[in-house]
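**Student:** Here it is, the structure in full.
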Amino acid sequence: MAEQPLVYSPPPVAVPAGQPATLPQLAQTIAAGAVSVQDIIAPPSIDVDFNHLKIGETFVRTIFVSGYPRFVGANWLSPLINFNHTLTLSMFYYPVESRGVLDDLRRKLAEMEATVKENEKSGRVADPTVEAALEDARNLQEQLVKGTERFFQFSFYITVSAESIEELDSVTKKVESTLGSLLLLSKHATLRMEEAFQSTIPTCMDKLKIMRNMDTTSIATTFPLTSSELTANEGILYGINEHNGSLIIFDRFSLENANTVVFAKSGAGKSYMVKLEAIRSLMFGTEVMVIDPEKEYEQLSKSIGGDYITFSPTSPSRINPFDMSGTYEEGENELALKILSLHTLFKIIMGQLSPSEDALMDRALLETYAKRGITQDPATHQNPAPVMADLYVVLQSTPEGKPLADRIEQYVTGSLKGIFDQPSTVDIRNTFTVFSTRDLEEKVRPIAMYIILDFIWSRIRREIKKRILIVDEAWYLMQHPDSAVFMYSIAKRARKYYLGLTTITQDVADFLRSDYGKAIVTNSSLQILLKQHPAAIDEITKVFYLSEGEKRILLAANIGEGLFFAGPNHVAMQVVASPEEHPLATSSPKEIMAIREKLEQEAGEKGLPTEVPPAVPRSPVV
């Protein structure tokens, strides 16, 4: 029988000329031209090929699973559920009466036993496939008779979609490889693609009917919606699993690398979450260093007794970019590495250099170090390092070097004098150290962030220790290709020095526009996505292979809500803090003012001075 249309459209009613239409006539006329449900949901076109369909501008292909392994464990479909491309999975379960199955089993057992005996009589080598099937059939017969198992038939179909036939072929091969790694035999629904596709849309109709016999235990392992757990026996609390209310407790250093990326729009709670992670990591003996462009961490640093180092033209804090790292690794030329680092710095300061200018700068840097007695010999690296003014003098001494000297003059004798051209006055001696660049001009901030990052990296290489380096607003460094390369090299080498790099940004598009930004994401085992702006969600979806549901979670998330990725697993997360932690982590001006007023009030009641410093007093939990 032909399928009936979903909506009945009555024929238009003819209205005699010159006579007004009645309301029923008008309603029928409107209904006749109204858009039906079919018109709304139907694609503009469907092209049926023997091995795929083209639905509108999307190509789809359906695969069915025809062979299964003998044994599987719980959550064995996890590689498909977490596949990094959108897949449509469809499963059909058909209960079968045990009485008929027992009759079929007896006949099959008799056939297999006869085969085994025939092989024994003729002296042929026993077929292990038949013997394994005979053993399984006997076990199943026993369980069915006892009633401990029931019998089912199971169908499993996978539909792959893509924007081009090339992408469809590529993703299909990856899906088939994944299925093969699970010992699943898969085939294309060749010449039956239309029926196969209809079997994977939400109409609960199995038009392929490619089934496999399974018992209750086997069927139970196919259940794909197993609860996502990210609770480990060690680590710190990141938040609450919104899927099941469990705690997300994780040790980032237990993964293949300890790097983390945090993406969120302004005000979504990314700094709040990172501060909580820093506080909790400190309690487990982890040293934390922060590059802070917006004074987000000043309150936290002063509250827990950390070092807060501010850089500005009037600040006494100085870092000399010419300082030698003092580390010696076999096979490395320390002076050559420092000069390469300075090349990157001066490209950020001056912009792109021509090959002749680059060669001239290289000679000038070598001469600058030589004048201080520093050569390739490691013994000379203990000598006082030169400063930028020394390089300026060397460049001024030659006619071809004067144009380069002019480009760094403002940092030596001009308006920016004193920031980058003096000996270092800072060191990392605290377990929590913050480097602030808030008081520097926007133009100088990327330069300062690079110098600080290079300084921290040199200290990290001196001694292997469990550390976390937090780079807030990392898009500043991704604006320049050379500093982006440096960030990527740290992310790639951090594991060697027991370092976890945390990269935070709200300008997702700027960060991911760089190939090195994407490389940092792929070299970060922990990825945390909080509330996203609609303008950035498409780029985030593409990079992290988010499903439509996950995309909606990030668009509709409240402050402190998002997705937590740890290796192949990810869950929806809500960040939570204790009452003692919240005042340390919050950056809301309203809450900070309320905390200060409360402290002033308490101080007044106790007869103490009512002038309260901008930092909240040290919390007993740290």
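**Student:** Among 456, 96, 490, which residue has its Cα positioned farthest towards the positive end of the charge dipole of the chain, with +1 placed on the Cβ of Lys and Arg, -1 on the Cβ of Asp and Glu, and the dipole taken about the Cα centre?
**Tutor:** 96
**Student:** Kindly put 124, 552 in sequence by how many other C-beta atoms sit within 10 Å of each C-beta, fewest to most.
**Tutor:** Working: 124 9, 552 12.
Fewest to most other Cβ atoms nearby, the residues stand as 124, 552.
**Student:** Among 529, 342, rank each residue by its count of other Cβ atoms within 10 Å, from fewest to most, as a rough exposure measure. All intermediate terms of the calculation are to be shown ahead of the outcome.
**Tutor:** On the way: 529 27, 342 20.
Listed from fewest to most nearby Cβ atoms, that is 342, 529.
**Student:** Here is a follow-up. Nearest 10 degrees is fine. How inclined is helix 270-282 to the longest principal axis of the chain, computing both from alpha carbons?
**Tutor:** Taking Cα atoms only, the helix is inclined about 80 degrees.
**Student:** So if we plug the beta-carbon distance of residue 407 and residue 497 into 1/(1 + (r/R0)^6) with R0 = 51 Å, what FRET efficiency do we get, rounded to 0.05? Spell out each step's value before the answer.
**Tutor:** Details: r = 34 Å, r/R0 = 0.67.
Result of the calculation: an efficiency of 0.90.
**Student:** While we're here: Using the Cα atoms of the range 334-412 to build a convex hull, what is its mean projected area in square nanometres? Write down the numbers at each step before the final one.
**Tutor:** Details: hull surface 19.3 nm².
In nm², the orientation-averaged hull projection of the range 334-412 is 4.8.
**Student:** May I ask what percent, to the nearest 5, of DSSP beta bridges between residues of the chain are antiparallel? Could you put the intermediate results ahead of the total?
**Tutor:** On the way: 47 of 75 bridges.
If I count the DSSP bridges inside the chain, around 65 percent turn out antiparallel.
**Student:** Would you mind checking the tilt of helix 355-371 against the longest principal axis of the Cα atoms of the chain, expressed as 0 to 90 degrees and rounded to 10?
**Tutor:** 50
**Student:** Fewest first, what order do 309, 428, 46 take by the number of other Cβ atoms within 10 Å? Don't skip to the answer; put the middle values down first.
**Tutor:** Working: 309 22, 428 17, 46 13.
Ranking 309, 428, 46 by Cβ neighbours within 10 Å, fewest first, gives 46, 428, 309.
**Student:** Assuming R0 = 56 Å, what is the FRET efficiency of residue 109 and residue 169, from their Cβ-Cβ distance, to the nearest 0.05?
**Tutor:** Values: r = 44 Å, r/R0 = 0.78.
Rounded to the nearest 0.05, the efficiency is 0.80.
**Student:** Moving to a separate point now. Please list, by residue number, every one of the GluC sites (Glu not before Pro) in the range 384-446 that is coil in DSSP and has at most 10 other beta-carbon atoms within 10 Å. List each step's numbers first, then the result.
**Tutor:** Numbers: sites: 400, 409, 441, 442; in loops: 441, 442.
Sites meeting the loop and neighbour criteria: 442.
**Student:** What spacing in nm lies between the two simple spin-label points modelled at residue 127 and residue 187, each 7 Å away from Cα in the Cβ direction?
**Tutor:** About 1.9 nm separates the two model spin labels.
**Student:** Considering the convex hull of the alpha carbon atoms of the range 46-220, report its projected area averaged over all viewing directions, in nm², one decimal. List each step's numbers first, then the result.
**Tutor:** On the way: hull surface 48.8 nm².
With the hull built on Cα positions only, its mean projection is 12.2 nm².
**Student:** The range 124-220: which GluC sites (Glu not before Pro) are DSSP loop and have at most 13 other beta-carbon atoms within 10 angstrom?
**Tutor:** Working: sites: 131, 135, 142, 149, 163, 166, 167, 176, 194, 195; in loops: 149, 163.
Here the sparse-neighbourhood loop sites are 163.
**Student:** Also, quick follow-up: Could you give the nm distance between label points at residue 283 and residue 86, where each point is 7 Å from its Cα heading toward the beta carbon?
**Tutor:** 4.1
**Student:** Hand me the chymotrypsin sites (Phe, Trp or Tyr not before Pro) from the range 218-327 located in a DSSP loop with no more than 13 other Cβ atoms within 10 Å, in residue order please. Spell out each step's value before the answer.
**Tutor:** On the way: sites: 238, 250, 253, 263, 272, 284, 297, 308, 311, 322; in loops: 284, 297, 311, 322.
Passing sites in the range 218-327 are 284.
**Student:** Say R0 is 30 Å: what FRET efficiency, to the nearest 0.05, do residue 429 and residue 542 get from their beta-carbon distance?
**Tutor:** Working: r = 43 Å, r/R0 = 1.45.
The pair residue 429/residue 542 has a calculated efficiency of 0.10.
**Student:** Tell me the volume per residue, in Å³, of the convex hull enclosing the alpha carbons of the range 262-405. Don't skip to the end; give the middle numbers.
**Tutor:** Values: hull volume 27.8 nm³, N = 144.
Roughly 193 Å³ of hull volume per residue.
**Student:** Let me ask something else about it. What value, in deg cm²/dmol to 500, does the helix sum -39500 (n - 2.57) over DSSP H runs of n ≥ 4 give at 222 nm once divided by the residues of the chain? Numbers along the way, then the final one.
**Tutor:** Details: 23 runs with 255 residues, N = 622.
Mean residue ellipticity at 222 nm (helix-derived): -12500 deg cm²/dmol.
**Student:** Can you give the angle from 0 to 90° between the axis of helix 445-462 and the longest principal axis of the chain, with both taken from C-alpha atoms, to the nearest 10?
**Tutor:** Helix 445-462 sits at roughly 90 degrees to that axis.
**Student:** Can you tell me how much longer the chain between residue 40 and residue 379 gets when fully stretched, taken as 0.36 nm per residue apart minus their C-alpha distance, in nm with one decimal? Before the final figure, lay out each step's value.
**Tutor:** Numbers: separation 339, 0.36 × 339 = 122.04 nm, distance 7.81 nm.
So the extension gain works out to 114.2 nm.
**Student:** For the chain, what does the equivalent ellipsoid look like in terms of its semi-axes, each the square root of 5 times an eigenvalue of the Cα gyration tensor, given largest first in whole Å?
**Tutor:** Values: eigenvalues 736, 235, 166 Å².
Three semi-axes, in Å: 61, 34, 29.
Every number in this text was worked out from the coordinates using simple rules, so none of it is lab data. Since this is a predicted model, take the numbers as computed values, not measurements. A quick note on method: Cβ atoms are made from the backbone with ideal geometry, for glycine too, and the neighbour counts reach across all protein chains shown.
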